[in-house]
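Comments concern the structure below.
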Amino acid sequence: MDIPSKYNALSVETKWYDYWMQHNYFHSTPDEREPYTIVIPPPNVTGVLHMGHMLNNTIQDVLIRRARLLGKNACWVPGTDHASIATEAKVVAKLKAQGIDKNDLSREEFLKHAWDWTEEYGGVILEQLKKLGCSCDWDRTKFTMDDDMSEAVIKVFVDLYNKGLIYRGYRMVNWDPEAKTTLSDEEVIHVEKQGLLYYLEYKVEGSDDKLTIATTRPETIFGDTAICINPNDERFTHLKGKQAIVPICGRVIPIIEDDYVDIEFGTGCLKVTPAHDENDKVLGDKHQLEVVDIFNEDASLNSFGMHYEGQDRFVVRKAIVKELEEAGILVKTENHINKVGTSERTKAVIEPRLSDQWFLKMEDLAKPAIDAVLKTGDVKLFPKKFENTYRHWMENIRDWNISRQLRWGQQIPAYYYGDGKEDFVVAETIEEAVKLSREATNNQELTVDNLKQESDVVDTWFSAWLWPMNVFDGIRNPENEEIEYYYPTNDLVTGPDILFFWVARMIIAGYEYKDERPFENVYLTGLVRDKQRRKMSKSLGNSPDALKLIEDYGAGGVRVGLLLSSAAGNDLMFDEELCDQGKKFANKIWNALRLVKSWEVDESISQPQSSKISINWFEAKFQKDITEIEDHFSKYRLSDALMTTYKLVWDDFCGWLLEMVKPAYQQPIDAKTLESVNTIFEDLLKILHPFMPFLTEEIWHYIKERSPEEALIISKWPEAKPINEALISEFDFASEVISGIRNIRKQKNIAFKDAIGFSVVNNENVGSTFDAVISKLGNLDSFEYVNESVEGALTYRVKSNEYFIPMEGSIDLDAEIKKLTEELNYTEGFLKSVQKKLSNERFVNNAPEQVVASEKQKEADALSKIETIKASLANLN
């Protein structure tokens, strides 16, 4: 079987992915095996593959492939989220480009456009995940707007309403004027922005008095319905019971008193705008103030804005400041840093707005989810540090605003039978709604035509929180075979930014609807940043094209590059060089295959002692490392598991073992050694497969011909066996001895083909187990144990053992003595400077402990080196 000289990642990856799909290795059905289940955090149906997806899904694929090798029934459920706001924005933009206004379409017409768009562009990201090697059960692919998924969402809404947990309320909400919908508190990102504080004068009615207020939003004066002072503020006792006049609009408003006003802050006078500030709304309710809403839904001013009607709020701000200044009302401005709420999705500045919305009571629902993470440990977060974030969110939880003023999503199943706000019923179907409406009105004549369904849809997260149950139809059919077998799932891999949005809510839903956790472990990845620690974004131009990376470095190279730099919960400083390192690793393994396959076998020769002990050593090292790898996996330290595997393959297998067993040039290898090397290679491919699936499957089939039933993807993870620590320790010592020989050969330009003599004073009483290996790798023509120094030889030490290599004839003795003398003089000078520092009591007493320890180590190393150089000089003289 001819092996190409270079590993061609792209052709190999296409070949094996097609092969895996053809043989249905990713598909899972319930059977007698232990299940291992992951549900994908469903990416937005609008999404394309970015670095965050690459990291998250690489981790999931590593876990699922390892579970498959462990003999578990591995099930990874893929899917996409309908992403109400993002998708609707895309559809609206497409319609606009065609000259169509969304508002000119009926709901049904708009939804047809949305479904057409979803079918044409949606789900691209799932195809891209295949390029990365993701071994999802594609037969199970779900979409949060699938009919069965939507039915379950509606069922849950009705159930929670009937339990008294969902209610309709007129509240101050976060309004996104770009998406024209409400957002939950968690969807609002507060950003520090440099702004201005404007000081404005209000006249006091019926007098020459004036009062000054400070505001960051002068355009909202049109909504002012009171001025508030603290009753204990002596500066304003003369204003009690009076009224003020709002500039420009001339509205007369009361001056009210409330302890809420901080005497020390600002001017001590507060403008109250109940329609546009949450705290002002509380004051307004308390003092029964008028509510004047000055904004349209796109945050332009309405008729209350007078001559500014129809203009955007930020345009008005600039214009009104100019008008106030010209009228002598603007006293002064000051720089002011303000935390501004922005929409997570559209980045628009949020507008507080009073609106009728649907809310879910969260306090009691959250209690089992708090206990699961913080008390019983039924759900474990990795890393554990995120428990504090979780605690803060969950213990300060507020009712969840679950309604959105959109069309794309599950329409709220409330049906209005009258004109009043409370004239509605909640039902799973319109037929049930008719029945309930007749009961509510005692009117048997009511029909479908008399009912009008709520136009709002539920928040996207309200469908996402059911995801682990819903993908197995666990809401509609709570006792079906699949939900009983696969649920609860095992691991969830996601980002800490949606710990509350999604993770906490899934835990809440799990306990409410299955009375158990939805998953056992939550692995929280960090954010992918660039080398300058900046978050990757299109605007900064620092986010590489994920598919281009795969094209340039291969999926295996990219997966290795991502994981080598990613510890759980810590941000990943992405550097493209790491992908190159992954590519080089793939080439290293490929060359190891080519080397092993190039050896000719001679059945008649017996196994050399050096090969036998080398294989015994590697098997011991493999057992030690696989124990360490499994410990890393148990703690979700995947980058550490990969690094241990990487070193085992690169250093121990390629760097040592293959050199130790390699036959001499143009000589054959014995059959037993080759069989052992192939078995070792296969075991390495098994533990490397989760990280580099394509490369390992390709090499697996090159080692020997395999049937589909023998594919690597469904092979068996190596079993742990007892570890021969003594043998590992002996090799560690022997490797230092070999490195010493190699260093002397390099320094003295002694070609490897020239055999050399070798003697040792064995002060350490080291065993002779690896003597044959040392002889082979050092190309020694003699190996003697002696009791005293060997004259005329260069020497080096490993611990207290002294090793001697006779130099006669090999080098220019005078030149070597001169070189060693110069090295001795330099090292003695270095030692003197270190000892001077250590004799300084002030330094020793005041320097950090590790700095002093470092200097002491330098002293010890210099003394040892001087002793070795002097011994070499003595021998040469």
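The values are calculated or read from the model by the stated rules, or taken from the named source; none is laboratory data. Nothing here was measured: the structure is a model prediction, and the numbers come from that model. Counting neighbours? That spans all protein chains shown, and the Cβs are built from the backbone with ideal geometry, glycine included. Just the protein is used for accessible areas: all its heavy atoms, side chains included, with ligands, DNA and RNA removed. Shrake-Rupley method; radii C 1.70, N 1.55, O 1.52, S 1.80 Å.
So for the range 681-692 (the condition being surrounded by 13 or more Cβ atoms within 10 Å (Cβ to Cβ), part of a helix (DSSP H, G or I) and at pLDDT below 95), does at least one residue qualify?
No, the range 681-692 has no match at all.
Taking the residues in the range 417-440 that are assigned to a loop (DSSP other than H, G, I, E, B) and over 13 Å from PHE157 (Cβ atoms) as candidates, determine which candidate is most open to solvent (accessible area, probe 1.4 Å).
So the residue we want is ASP419.
Which members of the range 270-292 meet the condition of being open to solvent by 30 Å² or more (accessible area, probe 1.4 Å) and in contact with a Gly (Cβ under 7 Å, 6 or more places away or on another chain)?
VAL291
Scan ALA464, ALA440 and give me the residue that is touching a strand residue (DSSP E or B) at 6+ places or on another chain (Cβ under 7 Å) and modelled with pLDDT of 95 or more.
Just one listed residue meets the conditions, ALA464.
Quick grid of which residues meet (1) polar (S, T, N, Q); (2) crowded, with 23+ Cβ neighbours inside 10 Å:
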| position | (1), (2) |
| --- | --- |
| LYS535 | no, no |
| ASP552 | no, no |
| GLY557 | no, yes |
| LEU578 | no, no |
| SER606 | yes, no |
| SER610 | yes, no |
| LYS624 | no, no |
| LEU638 | no, yes |
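Here are some conditions: (1) within 31 Å of the chain's Cα centre (by Cα); (2) over 22 Å from ARG217 (Cα atoms); (3) at pLDDT 90 or above; (4) open to solvent by less than 20 Å² (accessible area, probe 1.4 Å). TRP175 meets all but one. Which one does it not meet?
(2)
Kindly provide the set of residues from the range 355-365 that are part of a strand (DSSP E or B) and either buried (at least 18 other Cβ atoms within 10 Å of the Cβ) or among the polar types (S, T, N, Q) (or both), ordered by number.
SER355, GLN357, TRP358, PHE359, LEU360
For the range 305-320, does any single residue satisfy the condition of being in contact with a Cys (Cβ under 7 Å, 6 or more places away or on another chain) and either part of a strand (DSSP E or B) or surrounded by fewer than 18 Cβ atoms within 10 Å (Cβ to Cβ) (or both)?
Yes, there is a match, as at least one residue in the range 305-320 is in contact with a Cys (Cβ under 7 Å, 6 or more places away or on another chain) and either part of a strand (DSSP E or B) or surrounded by fewer than 18 Cβ atoms within 10 Å (Cβ to Cβ) (or both).
Could you look through the range 740-765, keep only residues that are in a helix (DSSP H, G or I) and among the hydrophobic types (A, V, I, L, M, F, W, C), and pick out the one that is nearest to GLU784 (Cα to Cα)?
ILE741
For the range 240-278: of the residues being charged (D, E, K, R), over 9 Å from CYS228 (Cα atoms) and part of a loop (DSSP other than H, G, I, E, B), which is nearest to the chain's Cα centre (by Cα)?
ASP277
Testing LYS332 on (1) assigned to a helix (DSSP H, G or I); (2) open to solvent by 20 Å² or more (accessible area, probe 1.4 Å), one condition comes back false. Which one is that?
Unmet condition: (1).
Among the residues of the range 739-759, are any at pLDDT 95 or above and acidic (Asp, Glu)?
no
Across the range 667-680, what is the number of residues that are of a type in the set (Asp, Glu) and part of a helix (DSSP H, G or I)?
Count: 1.
Being in contact (Cβ under 8 Å) with a residue 12 or more places away in the chain and open to solvent by 50 Å² or more (accessible area, probe 1.4 Å) is the requirement here; does TYR167 meet it?
When the stated conditions are applied, TYR167 does not pass them.
Among residues belonging to the range 805-862 that are hydroxyl-bearing (Ser, Thr, Tyr) and touching a helix residue (DSSP H, G or I) at 6+ places or on another chain (Cβ under 9 Å), point out the one that is nearest to GLY792 (Cα to Cα).
THR821
So that you can scan it fast, the table gives a plain yes or no per residue for (1) polar (S, T, N, Q); (2) surrounded by fewer than 21 Cβ atoms within 10 Å (Cβ to Cβ):
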| position | (1), (2) |
| --- | --- |
| TYR7 | no, no |
| SER28 | yes, no |
| GLU32 | no, yes |
| VAL39 | no, no |
| LEU55 | no, no |
| VAL62 | no, no |
| ARG65 | no, no |
| ASN73 | yes, yes |
| LYS90 | no, yes |
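Would you pick out the residues in the range 217-239 that are buried (at least 18 other Cβ atoms within 10 Å of the Cβ) and in a helix (DSSP H, G or I)?
Within the range 217-239, PRO218, GLU219, THR220, ILE221, PHE222, GLY223, PHE236, LEU239 qualify.
Going by what's in this entry, would GLU816 be described as in contact (Cβ under 8 Å) with a residue 60 or more places away in the chain and part of a loop (DSSP other than H, G, I, E, B)?
No; evaluated as a whole, the condition is false for this residue.
On the given criteria, is THR769 of a type in the set (Val, Ile, Thr), touching a residue at least 24 places away in the same chain (Cβ under 8 Å) and open to solvent by 40 Å² or more (accessible area, probe 1.4 Å)?
Yes: the conditions hold for THR769.
Considering each of ILE263, ILE245, ILE294 in turn, give the residue that is in contact (Cβ under 8 Å) with a residue 12 or more places away in the chain and either within 23 Å of ASN174 (Cα to Cα) or of a type in the set (Asp, Glu) (or both).
Answer to the check: ILE294.
Quick one: count up the residues across the range 471-521 that are outside any helix (DSSP H, G or I), open to solvent by less than 30 Å² (accessible area, probe 1.4 Å) and within 16 Å of TRP76 (Cβ to Cβ).
Qualifying residue count, the range 471-521: 11.
Among the listed residues ALA862, ALA815, ALA874, ALA847, identify the single one that is over 30 Å from ILE728 (Cα atoms), open to solvent by less than 30 Å² (accessible area, probe 1.4 Å) and aliphatic (A, V, I, L, M). Outline the logic, then answer.
Numbers: ALA862 fails: over 30 Å from ILE728 (Cα atoms); ALA815 fails: open to solvent by less than 30 Å² (accessible area, probe 1.4 Å); ALA874 fails: open to solvent by less than 30 Å² (accessible area, probe 1.4 Å).
Of ALA862, ALA815, ALA874, ALA847, the one residue that is over 30 Å from ILE728 (Cα atoms), open to solvent by less than 30 Å² (accessible area, probe 1.4 Å) and aliphatic (A, V, I, L, M) is ALA847.
Please go through the range 521-537 and give me each residue that is over 19 Å from THR37 (Cα atoms) and of a type in the set (A, V, I, L, M), ordered by number.
LEU527, VAL528, MET536
Tell me, which helices (runs of 4 or more DSSP H) wholly within the range 10-122 include 2 or more residues that are within 26 Å of MET145 (Cβ to Cβ), of a type in the set (Phe, Trp, Tyr) and in contact with a Ser or Thr (Cβ under 9 Å, 6 or more places away or on another chain)?
Ranges flagged: 107-121.
Scan the range 377-396 and give yes if some residue there is out of contact with any Cys (no Cβ under 7 Å at 6 or more places or on another chain), open to solvent by less than 10 Å² (accessible area, probe 1.4 Å) and of a type outside the set (A, V, I, L, M), otherwise no.
Within the range 377-396, one or more residues are out of contact with any Cys (no Cβ under 7 Å at 6 or more places or on another chain), open to solvent by less than 10 Å² (accessible area, probe 1.4 Å) and of a type outside the set (A, V, I, L, M).
Filter the range 397-416 down to the residues that are of a type in the set (A, V, I, L, M, F, W, C) and not in a loop (DSSP other than H, G, I, E, B), then identify the one that is modelled with the lowest pLDDT.
TRP400
Across the range 92-149, what is the total count of residues that are surrounded by fewer than 18 Cβ atoms within 10 Å (Cβ to Cβ), under 26 Å from the mean Cα position of the chain (by Cα), hydroxyl-bearing (Ser, Thr, Tyr) and modelled with pLDDT of 90 or more?
Looking only at that region, the number is 1.
Quick one: is ASN779 open to solvent by less than 70 Å² (accessible area, probe 1.4 Å), on the phi > 0 side of the Ramachandran plot, more than 48 Å from the chain's Cα centre (by Cα) and at pLDDT 90 or above?
yes
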